[in-house]
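Heads up, the thing below is written out as structure tokens.
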Amino acid sequence: MTVAVAPEPTAQDVLAAGGTLKSLRDTWVITKRNTLRMMRIPEALLLGMAQPVVFVLLFAYIFAGTFTVPGGGGSMAYREYMMPGFFAQTVAFVTAGNSSIGMANDIQRGMVDRFRSLPISRAALLNGRAAADIVQNCLVIVVMVICAVVVGWRIHRGLGHAILGFLLLLVLGYALSWVGVLIGMAVRTPEAAGSGNFLWLFPLTFLSNAFVTPSTLPAVLRFAAEWNPISATIQACRNQFGNPSLMQTHTFPMLHPALVSLLWSVGIAVICRTLAVRKYSSVGA
Amino acid sequence: MPGAIHAEGLVKEFGKVTAVAGVDLDVPEGQVLGLLGPNGAGKTTTVRLLTTLLRPTSGTATVAGHDVVRSPEKVRRAIGLSGQFAAVDDRLTGRENLRMVGELYGMRSRAARDRTSELLDQFDLNGAADRRSSTYSGGMRRRLDLAAALVVRPSVMFLDEPSAGLDPGSRLMLWEAIEKLAAEGTTLLLTTQYLEEADRLADNIAVVDRGQVIARGTPGQLKAQTGNQSIEMTVRDVARIEDATSLLLRFGKAKPTVDGDSGRLSVAVDGGANLLSEVIHELAATGIEIDDIGLRRPTLDEVFLSLTGGTPANSDEEKR
């Protein structure tokens with residue numbers, strides 16, 4: 001069969017299509033675009049960061065006095081205890097919120113159609129989404145750290161350990177971005193994505209060791225809280241930062257929190273990313 | 001030889017709903033095909049199938065020689081798509097939007113920058129190039145969207161309802177841009193519900209209703225297909241109107257309608273232009289002076305309504 005062969009687009013201007021290099025570059029272009037979008041509405045960015053700050057202040061000055069941390073230290077010790085919890089919770093809310101709403105928005109506004117009609121790798125749009133979330137997470141963590149220092153939180157084991165702790169938070173954030181991407185594609189409207197997030201993010205972050213010790217919980221909830229990826233990450237951060245941990249159980253995740261946190265994050269990222277890429281290539285089909 | 005766009009028995013079902021029910025199309029290189037149909041006829045779904053956004057349930061299609069199912073990447077490299085809802089990033093400027101698309105096509109930064117400036121010029125967007133596209137008017141956004149589809153000079157362009165929701169001035173500007181593309185030899189497939197648009201832009205028209213092509217041809221052929229041509233004339237001297245009426249009676253297939261006050265007559269005919277010249281000849285021979293005479297063909301609107309039975313499918317256009 002003879003077919004009409006169309007001229008390829010102006011070849012000298014075009015990088016070889018396909019291949020890892022093109023795919024990386026596509027991801028970079030989309031990351032740039034998403035970061036630019038974020039910066040274009042600075043008030044949304046600022047308000048988004050102000051919310052966890054307000055919570056930290058409320059907890060630090062209202063609740064901290066009523067909680068006691070074994071080993072003494074009073075409200076100061078509780079503030080150090082709660083901060084890793086806030087770090088993890090904020091990272092979870094920011095990434096999952098961002099990626100699900102961003103993705104749903106792109107579908108609703110036809111941007112996904114635009115991108116899918118271009119010769120770019122299937123994963124580039126999604127990778128660019130998750131990568132932009134990392135940028136935003138770094139910003140958010142900086143703001144939260146400043147806020148934490150103001151209320152009396154400190155690191156006690158040196159910068160190296162602290163950096164390890166923050167890296168675990170970023171990896172967790174990356175994994176949860178993919179959950180958000182998946183949700184955004186499933187619900188298709190940013191409004192639904194926004195309210196849908198509360199359904200899983202609140203239980204996920206509160207049914208953990210973020211603000212209370214799981215040992216006070218009934219057996220089933222306690223098991224869930226101890227195996228919660230958020231708990232492992234928080235516990236690991238407390239260890240790395242040298243903050244009090246209230247650890248009274250000797251379950252595996254609480255004994256090896258960094259390992260468990262990493263395994264959770266990698267597992268979630270791999271599974272959700274695979275599902276998301278598959279769903280992306282058939283979205284709207 | 002199959003054309004730049006070629007589809008055979010294209011079917012797309014969404015669950016129990018059949019959006020496209022066996023569409024055959026062939027658009028030779030450099031031609032413009034207008035896909036004309038009411039809301040919900042399956043136009044958008046057809047475009048989405050041809051641009052690799054959807055997989056057909058059955059049937060085959062090639063675009064620019066590449067199979068849409070087997071080599072979607074190659075199809076994407078050869079096409080430009082301007083969708084029903086102008087898909088430009090509202091928070092980026094016009095310039096940033098075009099550069100992004102250029103870079104995603106794999107153009108090097110400098111090439112993307114140069115091409116962006118060219119397109120901004122061409123689509124008269126220079127003044128607004130560095131403003132966020134959310135501040136653009138509907139017409140400007142449409143032009144930006146069209147420019148985005150043209151970044152790599154695609155050989156095949158798909159335009160899904162390009163002028164939907166535009167004011168007449170913006171529509172005219174867009175039409176001129178599309179005509180320029182066609183003149184440069186780009187193969188175009190455009191969907192529209194505006195008959196005027198199809199009439200003006202398309203070489204060939206496929207009328208789509210309920211997922212099927214129910215008629216095809218050039219705008220002229222489609223108009224001729226429904227018959228109902230008529231000769232209309234105005235006599236100068238109202239006193240001769242009786243003579244003119246009896247003359248028309250010999251040529252028409254029905255009784256002429258006569259307006260005695262204005263001297264205007266009209267009669268349905270079958271013969272087309274040849275018949276018109278005979279009528280003029282006869283009028284001259286019998287010495288009836290006329291101010292105005294013409295062969296009036298049915299408008300595409302009339303054709304369309306008669307083809308679709310005057311009851312366009314009322315469901316909303318399928319967006320999936």
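The values are calculated or read from the model by the stated rules, or taken from the named source; none is laboratory data. Since we're looking at a predicted model, the values are computed, not measured. Every residue, glycine among them, receives a Cβ derived from its backbone with ideal geometry; neighbour counts consider all protein chains shown. Heavy atoms of the whole protein, side chains included, go into the accessibility calculation; ligands, DNA and RNA do not. Shrake-Rupley method; radii C 1.70, N 1.55, O 1.52, S 1.80 Å.
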State, in square angstrom and to the nearest 100, the accessible area buried between chains B and A, both chains counted, probe radius 1.4 Å. 4000
What order do you get for B:35-42, B:149-156 when each peptide is scored by the mean count of other beta carbon atoms within 10 Å, highest first? B:35-42, B:149-156
Search the structure for amide H atoms under 5 Å from the amide H of B:Gly40, placed 1.01 Å from N in the peptide plane, and list their residues when 5 or more places away or on another chain. B:Glu317, B:Glu318
Along the positive direction of the dipole of chain A (beta-carbon charges: Lys, Arg +1; Asp, Glu -1; about the Cα centre), which of A:Ser231, A:Leu246, A:Val54 reaches farthest? A:Ser231
Just to check, using Stokes-Einstein with a Kirkwood Rh over alpha carbon pairs, what's the diffusion coefficient of chain A at 37 °C and 0.692 mPa s in µm²/s? 162
At a 1.4 Å probe radius, carbon and sulfur cover how many percent of the accessible area of the range B:5-224? 46
Only four residue types carry charge here, +1 at the Cβ of Lys and Arg and -1 at the Cβ of Asp and Glu. Report the dipole size of the protein assembly as shown about the Cα centre in Debye, rounded to the nearest 20. 3320
Inter-chain shielding of A:117-124 (mean C-beta neighbours from other protein chains, 10 Å cut-off): 6
Once label points are set 7 Å from the Cα along Cα→Cβ at both A:Leu263 and B:Glu73, what is their separation, rounded to one decimal in nm? 3.7
How many percent of Cα pairs in the range A:204-259 exceed 13 Å? 51
Based on the Cβ-Cβ distance from B:Arg296 to B:Asp24, what FRET efficiency comes out when R0 is 30 Å, to the nearest 0.05? 0.40
Averaged across B:106-115, how many Cβ atoms of other chains sit within 10 Å of each residue's Cβ atom? 4
Determine the shielding of peptide A:31-40 by partner chains: average, over its residues, the number of Cβ atoms on other chains within 10 angstrom of each Cβ. 4
Where the centre of each part is set by its Cα atoms, how far does the range B:185-201 sit from the range B:260-296, in angstrom? 33
Between 0 and 90°, nearest 10: helix B:241-251 axis offset from chain B longest Cα axis: 60
Based on alpha-carbon positions alone, could you give the equivalent ellipsoid semi-axes of chain B from the gyration tensor, as √(5λ), descending, whole Å? 45, 24, 17
Can you give the accessible area of B:Thr308, probe radius 1.4 Å, in Å² rounded to 10? 10
Kirkwood estimate for the range B:159-314, i.e. one over the average of 1/r between Cα atoms, Å: 18.1
Say the cut-off is 31 Å between C-alpha atoms; which of B:Lys43/B:Lys74; A:Lys32/B:Lys74; B:Lys223/B:Lys255; A:Lys22/B:Lys16; B:Lys180/B:Lys223; A:Lys279/B:Lys180 go over it? A:Lys22/B:Lys16; A:Lys279/B:Lys180
How do the peptides B:51-57, B:163-169 rank, highest first, by the average count of neighbouring beta carbon atoms within 10 Å per residue? B:51-57, B:163-169
Take every DSSP beta bridge whose two residues both sit in the protein assembly as shown, then give the antiparallel share in percent to the nearest 5. 65
Once the Cα atoms of helix B:109-122 and of chain B are each reduced to a long axis, what angle between those two axes, in degrees from 0 to 90 to the nearest 10, is obtained? 20
For chain A, list the DSSP H helices whose alpha carbon atoms reach 30 Å or more along the long axis and whose average Kyte-Doolittle value is -0.5 or above? A:74-108, A:124-151, A:159-187, A:257-281
As a test of the formula, what do you get for chain A when each DSSP H run with n ≥ 4 contributes -39,500 (n - 2.57) and the sum is divided by the residue count, at 222 nm and rounded to the nearest 500 deg cm²/dmol? -24500 deg cm²/dmol
As an exercise, use a Förster radius of 41 Å and the Cβ-Cβ distance of A:Arg278 and B:Arg131 to find the FRET efficiency, rounded to the nearest 0.05. 0.60
With no solvent and one point per C-alpha, what does the Debye sum give as log10 I(q)/I(0) for the range B:70-226 at q = 0.12, 0.20 Å⁻¹? -0.54, -1.30
Note down the net charge around A:Glu80, summing +1 for each Lys or Arg and -1 for each Asp or Glu among other residues with Cβ under 12 Å from its Cβ. +3
Among B:Thr245, B:Ala285, B:Leu275, whose Cα lies farthest out toward the positive end of the dipole of the range B:229-297, if unit charges sit on the beta carbon of Lys, Arg (+1) and Asp, Glu (-1)? B:Leu275
Nearest-ten-degree value, helix B:138-149 long axis tilted from longest Cα axis of chain B: 60
What FRET efficiency would be calculated for the residue pair A:His256, B:Ser109, taking the C-beta separation as r and a Förster radius of 45 Å, to the nearest 0.05? 0.45
Can you compute the charge dipole magnitude of the range A:141-285 about its Cα centre, using +1 on each Lys and Arg Cβ and -1 on each Asp and Glu Cβ, nothing else charged? Give it in debye, rounded to the nearest 20. 160
Ordering B:Phe14, A:Phe93 from largest to smallest accessible area (1.4 angstrom probe), what's the sequence? A:Phe93, B:Phe14
By average Cβ neighbour count within 10 Å, what is the ranking of A:161-173, B:236-248, B:271-283 from highest down? A:161-173, B:236-248, B:271-283
Suppose every K and R has +1 on its Cβ and every D and E has -1 on its Cβ; what is the size of the dipole of chain A about the Cα centre, in Debye to the nearest 20? 260
Quickly work out the B:Glu289-to-B:Arg200 label distance, labels modelled 7 Å from Cα along the C-beta direction, and quote it in nm with one decimal. 3.8
